[in-house]
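Presented below is the structure to which this report refers.
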Amino acid sequence: MRFLLVEDTPDLGQAVLDRLTLDGHGVDWARTLGAARDHLAVSTYDLILLDIMLPDGDGRDFLAEHRRARADTPVIVMTARAAVSDRVALLDTGADDYVTKPFDFAELEARVRAVLRRRGGAAQTLVTFADLTFDPLGAVVMVDGDARDLRNRELRLLEILIAAPERIFSKGHLHDRLLSASEAVSDNAIEVYVGRLRKKLAGSRARIETVRGVGYRLTAL
Amino acid sequence: MTAPRRAASIRRRLLIQGVGIAALLALVLYLAVRGVAGSAIQTVQDSVLGTATVIIAEELRGGTGAVSVDIPYAAFSMLGAVGEDRVFYRIVVGGETVTGYPDLPLPDEAPGLTPAFYDATYDDTILRIGAVGRSVLVDGQRVGVTVLLGQTRTAQAAITAQMANRAAALGLGVFALAAVLALVSARAALKPVNLLAGAVERRGPQDLRPVTRAVPRELVPLVAALNGLIARLGTALDRTETFITEAAHHVRTPLATVRMQTEIALRQADDDATRASLRQVIRAVDSAARSAGQMLDHASVIHRSDRGAPAPLDVCAVLRDLAHQVRPVADMRDMDVVLDLPDAPVTLAVDRLLLESALRNLLDNALKYGHAETEITVTLTQEDGTALIAVCDRGRGLGDGGAGALTARFARGANVADVVGSGLGLTIVRDAARACGGSFEIAERTGGGTCATLHLPLG
């Protein structure tokens, strides 16, 4: 996915950029509203991540202007203004959603997915592996044409594994991407979710293999 | 520190002045009436006495050797008509008392034909005496004759006393009436002041709107000064709020950087000890940020508590909105938010931000303390003019402390050490519910978990 990140704090911008890039997204980073307008003029984005207090203006004005231009790129506001009144005002201005700084990256991802799903999203390319067909945004998994009912965390786990088949993911890595960093969960949480995903994908030629002492990988029979 | 000495009450001052003036006027009235009435009676009495004296004097005839005196009894009966007074007379011819009471006092100057009147003591009583002098011919010679006619003043004194009593009664009546009027007018004069004071006093502690009530011209400077003070106070509060918001922004932005960098470091760390400490850092950051946010929310809940009557609000729409907003977070823990709402809108006359603050906190709690892969149910029912909004989770419940301990500021349950929180959430809920004219309770849920219920008046 292509993100436009509008954020003036260098460290934070860099960190969000790194994190999104790490997950395989394309990101353009604008440090001012002017730069954001330039980017929007020449490229299309799936989503805009917008800060509020920027050196050349207020992100909310930019948002209103964006909406007036009937541009329908979804916008998620990243705000340090945490008061209820600010949040209500943001949604009234036309933001699709907001996260308050400091935000949990897993939550940002969840909100991004929710916004894109609600917007009908850009026609998301289906991911296929062996006899699995996976639509990450629509949250549909088919095994040989047969739809399987997966819960959110099982879907997210499959999404991570299917993005790089045969690659071994460590338990820690899966933990970091699947669960909120501040959430307290039991040590064997990942084993539990892997077990469930295996059960849900029963009958498929694709299977999740345990690489003892290292992690898991998706592989085909 | 000693309290400043209180200046005399304006009302008392007005009252004392009014009553004092009334007393003075009543006294003057009394004296005037008594004086005028007394002298009028005196004049009438004197003219009767004078007439009687003149009649007697005219009956004196000269002659040979002596003066003939023929006292006309009509004169006495004329005097008797006035009252039961005793009458004395003395007729002096040429220095000798001819008839009557020889020691009846003579006037200081010889009287003429026009009667002269004077008071004199005789026989231990005070007499009013009329004196007329004339001359008659005795043996061809003019001899001066003086006629004295005295009368006690019992009747006159009685009438004067009666008149004085009436004057006193009149004076008292006027005084009483004036005193009541003074009381009424003091109260009426101070009424605008009292109304103004009442209007300002009835305001809640957060109401900083200027006073717009119409006041008499004399109070305009006072109201202007009051409004100036209110405006300065409002500006100071706004500045404080802006400062807190700015401060929060400046704290939260670097915290966001720390958190994001730590998450990246966590992604790249392999050994468990490092990962555990990085998670600790993230939890500490979340905790700091959450406290800052909740303190702001609590402040704004208190600040908004007194905004007057809010517009009617469909609580179903608010609940749908909020459920929609928290759904991505619920999804992350495979939790569902299930709404059980009536089909028709349910209208409450409550402030939207207060309601959202309360509901948002309840949903946050359910999301944090509910177990993964359970449902959060939000139910709206109506009962006796009250809307009941229940947010129920399947989670760890209230712990040993029970419900009572949780709404205190910065109080947290004994069973939640592993979850990031500020201890302000339920305080916000409670204060917001109160500010909406409602109440809030939290209880263990049958079958495990917690049910938090808001009772809000239907609008």
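Read the figures in this text as sums done on the coordinates, not as results from a lab. As the structure is a prediction and not an experimental result, all values here were calculated from the model. With ideal geometry, Cβ positions are generated from the backbone for all residues, glycine too; neighbour counts draw on all protein chains shown.
Share of Cα-Cα pairs in the protein assembly as shown beyond 37 Å, in percent?
Here the long-distance tail beyond 37 Å is 60 percent of all Cα pairs in the protein assembly as shown.
With a 10 Å radius around each residue's Cβ, average the other Cβ atoms per peptide and rank B:224-233, B:318-327, A:93-102, highest first.
Taking the mean over residues of other Cβ atoms within 10 Å, the ranking is A:93-102, B:318-327, B:224-233.
Might you report the magnitude of the Cβ-based charge dipole of the stretch B:401-450 about its Cα centre, with Lys and Arg at +1 and Asp and Glu at -1, to the nearest 20 debye?
120
Using per-residue counts of other Cβ atoms within 10 Å, averaged over each peptide, order A:130-140, B:47-57 from highest down.
Top of the packing list down: B:47-57, A:130-140.
B:ARG209 to A:VAL88: FRET efficiency via 1/(1 + (r/R0)^6), r the Cβ-Cβ distance, R0 30 Å, to the nearest 0.05?
The computed FRET efficiency comes out at 0.85.
Of the options B:GLY459, B:PRO254, B:VAL44, report the single residue whose Cα projects farthest towards the positive end of the charge dipole of the protein assembly as shown (beta-carbon charges: Lys, Arg +1; Asp, Glu -1).
My answer, from the dipole projection, is B:PRO254.
Could you pull out every Cys in chain B that lacks a partner Cys with its beta carbon under 4.7 Å away?
B:CYS316, B:CYS436, each lacking another Cys Cβ under 4.7 Å.
Quick one: order A:ASP46, A:ASP149, A:ASP38 by neighbouring beta-carbon count within 10 Å, fewest to most.
In order of increasing Cβ crowding within 10 Å: A:ASP149, A:ASP38, A:ASP46.
Lys pairs in the protein assembly as shown, Cα-Cα under 28 Å, at least 8 apart or on separate chains: how many?
Qualifying lysine pairs in the protein assembly as shown: 7.
Cut-off is 10 Å between beta-carbons; in what order do B:LEU348, B:LEU355 appear when sorted fewest neighbours first?
Least to most surrounded, the residues fall as B:LEU348, B:LEU355.
Among A:ILE162, A:LEU150, A:HIS173, whose Cα lies farthest out toward the positive end of the dipole of the stretch A:140-179, if unit charges sit on the beta carbon of Lys, Arg (+1) and Asp, Glu (-1)?
Of the listed residues, the answer is A:HIS173.
Just from its helices, what would the mean residue ellipticity at 222 nm be for the protein assembly as shown, if runs of 4 or more DSSP H residues each count -39500 (n - 2.57) and the sum is divided by every residue, rounded to the nearest 500 deg cm²/dmol?
Helix contribution divided over all residues of the protein assembly as shown: -16500 deg cm²/dmol.
Treating each Cα of chain A as an identical point scatterer and ignoring solvent, apply the Debye formula and state log10 I(q)/I(0) at q = 0.09, 0.13 Å⁻¹.
Result of the Debye calculation: -0.42, -0.82.
Within 10 Å of each Cβ in A:83-91, how many Cβ atoms from other chains are there, averaged over the peptide?
6
Return the percentage of antiparallel bridges among DSSP beta bridges fully within the stretch A:44-156, rounded to the nearest 5 %.
Percent antiparallel among DSSP bridges in the stretch A:44-156 is about 60.
What does DSSP give for the protein assembly as shown in terms of the percent of beta bridges that are antiparallel, rounded to the nearest 5?
75
Specify the angular offset, from 0 to 90 degrees and rounded to the nearest 10, of the alpha carbon long axis of helix B:272-303 from the longest principal axis of the alpha carbons in chain B.
Result, in degrees: 20.
Within 10 Å of each Cβ in peptide A:96-105, how many partner chain Cβ atoms are there on average? Round it to a whole number, please.
Per residue, the number of nearby Cβ atoms from other chains is 6 on average.
Of B:ALA32, B:GLN17, B:SER77, whose Cα points farthest to the positive end of the dipole of the stretch B:1-124 (charges on the beta-carbon: +1 Lys, Arg; -1 Asp, Glu; origin at the Cα centre)?
B:GLN17
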